[in-house]
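The values are calculated or read from the model by the stated rules, or taken from the named source; none is laboratory data. Just so it is clear, the structure is predicted and the values come from calculations on it, not from any experiment. Every residue, glycine among them, receives a Cβ derived from its backbone with ideal geometry; neighbour counts consider all protein chains shown.
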Amino acid sequence: MSEKEGIPAPSAGAELDKKLKLTLETKRLIGSVEKEVESLDWEVTDRFGTTPRIAEPARHLLSAGGKRVRPLLICLLSRALEVPFEKLAPCAVAAELVHTATLLHDDILDGATTRRGRITAHLKYDAHTTILSGDSLLAKAISDMAELGDTEILKRLAQTVRELVEGECLQADLMGQVHGDIDAVLEVARRKTASLFAWAGWVSGHRAGRHAEDLFRFGTHLGLAFQILDDILDWDGKDTGKGRFTDLHETKLNLVGVKLVQLSKPAAELLHAGFAGKDKHGYIANPQELGLALQALPEYSAALAWARKEAADHSAFALSHLGRLPASIWRDLTVQLTQSLLERMK
């Protein structure tokens, strides 16, 4: 594969502490980052506004937990780039606001019933209110970036939001298609997942005045690896709080499914039959049965291995761009965080 350009919760620091073998000094450094990231939760909730109907869906989602990956990366990169975190904190908040908005909207579009182990916001409240809540978060993120007085940051964030929307539209066009295209699925992943990681990396370097494009590419490849591993989990992983075979339920072929169809004619036949039974909302009633039948095919293990290799390649590309930052313990910790996040997804 060639490189392409293009409210209280379990703490990220605690997760790192469990995953990595750390010295006392490293634990102290991670503790300082953990406190800064945890303090951002209150900054994020402060942006929800004072209208309860708009604020409650977002608060419901945020209080369910999450890793706060994008703020954590920005915080670590601020240290690696020797930039006071105060200069990047508004950008970290904006990244989390945009991410939260996309989850609120995605759960409606996907008909999801659970997120992070609890009922989704649109079912607890209603779809109309949840859409407005997400819209409000996007507006607040953009207005916060406008207050920085840097038009390039604002322009790049607006472009990122546009890519998120376009990625959703591209994905909708692929729904129900059995013979998918790997490049098209990767483009959806780049826009829907990697674009916000890329912005988080780029804005960290931009505010520091160096390594912006290296960190843009770091974020892009990290996001692609993250999404590919999420696709693998949907087929082959433990329950992540949103169930397995959710993509099949929505008649959506992720990267594993597309590769399986390329390798196996029986896979295409099974999918044709399964997708033919979708309801008026575009969902199938038996995703577990269909998924297990596909997993029983002899070509399934090869498709899974191919997807894992794709994720590993993008992870290596991400780390190679991160390695262009000046050597420091903070760069090393960012490398370890990246490896830990991707290892968790396996």
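Values computed for the structure shown
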item: Any chance Ala189 is in contact with a helix residue (DSSP H, G or I) (Cβ under 9 Å, 6 or more places away or on another chain) and buried (at least 20 other Cβ atoms within 10 Å of the Cβ); result: yes
item: Criterion violated by Thr220 - all others in (1) polar (S, T, N, Q); (2) buried (at least 19 other Cβ atoms within 10 Å of the Cβ); (3) modelled with pLDDT under 95 satisfied; result: (3)
item: Of all residues in the range 88-118 being among the acidic types (Asp, Glu) and touching an Asp or Glu at 6+ places or on another chain (Cβ under 8 Å), the one that is surrounded by the fewest Cβ atoms within 10 Å (Cβ to Cβ); result: Asp106
item: Considering residues of the range 65-82 that are assigned to a loop (DSSP other than H, G, I, E, B) and modelled with pLDDT under 95 only, the residue surrounded by the fewest Cβ atoms within 10 Å (Cβ to Cβ); result: Lys67
item: Neighbours by Cβ (under 7 Å, 6+ apart or cross-chain): first from the range 121-139, closer than 10 Å to His105 by Cα; second at pLDDT 95 or above and of a type in the set (Ser, Thr, Tyr); result: Ala121/Thr130; His122/Thr130
item: Filter result (touching a helix residue (DSSP H, G or I) at 6+ places or on another chain (Cβ under 6 Å) and of a type in the set (S, T, N, Q)) within the range 275-320; result: Ser315
item: Meets criteria (under 27 Å from Gly111 (Cα atoms), among the small types (Gly, Ala, Ser) and in contact with a Gly (Cβ under 9 Å, 6 or more places away or on another chain)) for Gly282; result: yes
item: Pairs where the first residue, in the range 260-279, is within 11 Å of Ala293 (Cβ to Cβ) and the second is charged (D, E, K, R), C-beta under 8 Å, 6+ apart; result: Ala267/Glu299
item: Residue count, the range 91-121 (criterion: within 27 Å of Glu36 (Cβ to Cβ) and among the acidic types (Asp, Glu)); result: 1
item: Helices (runs of 4 or more DSSP H) wholly inside the range 106-224 containing at least 3 residues that are farther than 25 Å from Gly49 by Cβ and not charged (D, E, K, R); result: 151-174, 182-189, 195-208
item: Residue list for the range 37-64, filter: within 30 Å of Leu319 (Cα to Cα) and crowded, with 20+ Cβ neighbours inside 10 Å; result: Val37, Leu40, Asp41, Val44, Leu62
item: Candidates Leu292, Leu271 - the one that is surrounded by 21 or more Cβ atoms within 10 Å (Cβ to Cβ), under 30 Å from Thr114 (Cα atoms) and modelled with pLDDT of 95 or more; result: Leu271
item: Residue, farthest from Ala208 (Cα to Cα), within the range 149-162, restricted to residues that are surrounded by 16 or more Cβ atoms within 10 Å (Cβ to Cβ) and among the hydrophobic types (A, V, I, L, M, F, W, C); result: Val161
item: Phe85 vs. criteria among the aromatic types (Phe, Trp, Tyr), buried (at least 19 other Cβ atoms within 10 Å of the Cβ) and under 19 Å from Leu138 (Cα atoms); result: no
item: Among the residues listed as Ala303, Ala307, the single one being assigned to a helix (DSSP H, G or I), over 18 Å from the mean Cα position of the chain (by Cα) and surrounded by 13 or more Cβ atoms within 10 Å (Cβ to Cβ); result: Ala303
item: Residues that are part of a loop (DSSP other than H, G, I, E, B), of a type outside the set (A, V, I, L, M, F, W, C) and surrounded by 13 or more Cβ atoms within 10 Å (Cβ to Cβ), drawn from the range 274-289; result: Lys278, Gly282, Tyr283, Asn286
